[in-house]
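Have a look at the structure below, then the notes.
The values are calculated or read from the model by the stated rules, or taken from the named source; none is laboratory data. It should be emphasised that the depicted structure is a prediction, and the values quoted were computed from it without experimental measurement. Cβ: placed from backbone, ideal geometry, glycine included. Neighbour counts: every protein chain shown. Note: areas computed on protein heavy atoms with side chains; ligands, DNA, RNA excluded. Shrake-Rupley method; radii C 1.70, N 1.55, O 1.52, S 1.80 Å.
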Amino acid sequence: MNECLGIKNLKVNYGSIEALKGIDISVKEGQIVALLGANGAGKTTTLRKISGILEAKSGSVQFFGEDITKLPPHKIASKGIIQSPEGRQVFRDLTVEENLMIGAYTIKNKKELKNNFDRVYSYFPVLRERKNQIASTLSGGEQQMLAIGRALMGNPKLLLLDEPSLGLAPLIVKNIFHIIEEIRKDGTTVLIVEQNALQTLKIADYAYVLEVGKVGMEGSAKELRNNSSLIEVYLGGK
Ligand code: ATP
């Protein structure tokens with residue numbers, strides 16, 4: 001399996017705060033990889049660095065073997081790394097369709113654009129039903145679907161998901177996780193940050209547990225799922 005994303009000895013600071021103290025992460029093409037850990041462990045910082053929003057103090061980020069450590073966010077997005085942000089940050093005053101169009105800003109070909117709309121609407125039929133509705137009037141779950149849909153409109157090779165289950169009811173979380181599996185089946189590699197460890201380990205292939213800026217533990221999702229002390233100690237038994 002090709003390596004899609006390779007992070008080596010990555011350090012990121014906020015001023016004097018060492019948010020990442022040298023982490024190594026590998027995501028193989030076609031995998032769902034989970035980044036787990038408590039509040040403040042550095043999960044969001046890792047995603048923001050991969051997207052190019054933050055600078056590294058040292059270390060490197062490679063995408064299919066190319067060093068992207070120093071590239072700006074728009075260059076990284078155009079290479080196919082697209083983040084669906086935390087907190088369902090959709091454009092609240094725009095319609096569903098307008099939000100999706102924004103995600104497709106790099107797509108110039110009409111047929112490709114239509115295919116992307118069809119793909120997103122097939123994952124999330126409710127978005128098609130509500131395509132003319134203003135985003136702020138959607139439920140929390142629908143806004144999360146729209147955030148993921150918007151990221152998919154840009155044809156990601158690697159989709160970065162930041163806490164897609166945050167604040168959502170269990171049934172909706174189950175639905176969204178099922179769709180994430182479908183997205184992977186259709187060929188998109190996924191790196192997912194989550195606090196909801198047990199459910200994430202059910203859909204992931206491999207997982208890293210961050211602990212105050214370091215990788216405290218890693219392994220196949222199956223191994224970690226069967227490690228009950230890990231679930232208790234690191235992940236709060238969720
Ligand atoms: P959460 O689930 O709460 O988002 P996280 O694992 O994503 O947690 P990060 O948000 O990456 O953690 O934070 C890692 C560390 O960096 C924490 O100690 C946090 O307080 C600090 N930090 C995050 N953002 C900033 C910032 N903008 N300025 C200063 N420190 C920050």
Picking from S58, S16, S78, the residue that is open to solvent by 10 Å² or more (accessible area, probe 1.4 Å), within 20 Å of Y105 (Cβ to Cβ) and not β-branched (V, I, T) would be S78
Condition check for D118: on the phi < 0 side of the Ramachandran plot and open to solvent by 30 Å² or more (accessible area, probe 1.4 Å): yes
For segment 18-108, which fully contained helices (runs of 4 or more DSSP H) count at least 2 residues that are away from the ligand (no atom under 16 Å from the Cβ) and within 19 Å of the chain's Cα centre (by Cα)? 73-79, 96-103
I176 vs. criteria open to solvent by less than 10 Å² (accessible area, probe 1.4 Å), in a helix (DSSP H, G or I) and away from the ligand (no atom under 16 Å from the Cβ): yes
Complete set of residues in segment 7-17 that are within 9 Å of the ligand (Cβ to nearest atom) and aliphatic (A, V, I, L, M): V12, I17
Of everything in segment 148-170 that's within 16 Å of the ligand (Cβ to nearest atom) and touching a strand residue (DSSP E or B) at 6+ places or on another chain (Cβ under 8 Å), which residue is farthest from I25 (Cα to Cα)? P164
Assess whether R184 counts as being under 23 Å from T46 (Cα atoms), assigned to a helix (DSSP H, G or I), at pLDDT 95 or above and not β-branched (V, I, T). yes
The one condition in (1) within 18 Å of Y206 (Cα to Cα); (2) open to solvent by less than 20 Å² (accessible area, probe 1.4 Å); (3) at pLDDT 95 or above; (4) out of contact with any Cys (no Cβ under 8 Å at 6 or more places or on another chain) that V27 fails to fulfil: (4)
Enumeration of residues in segment 140-172 that are surrounded by fewer than 19 Cβ atoms within 10 Å (Cβ to Cβ) and within 15 Å of the chain's Cα centre (by Cα): N155, K157, L166
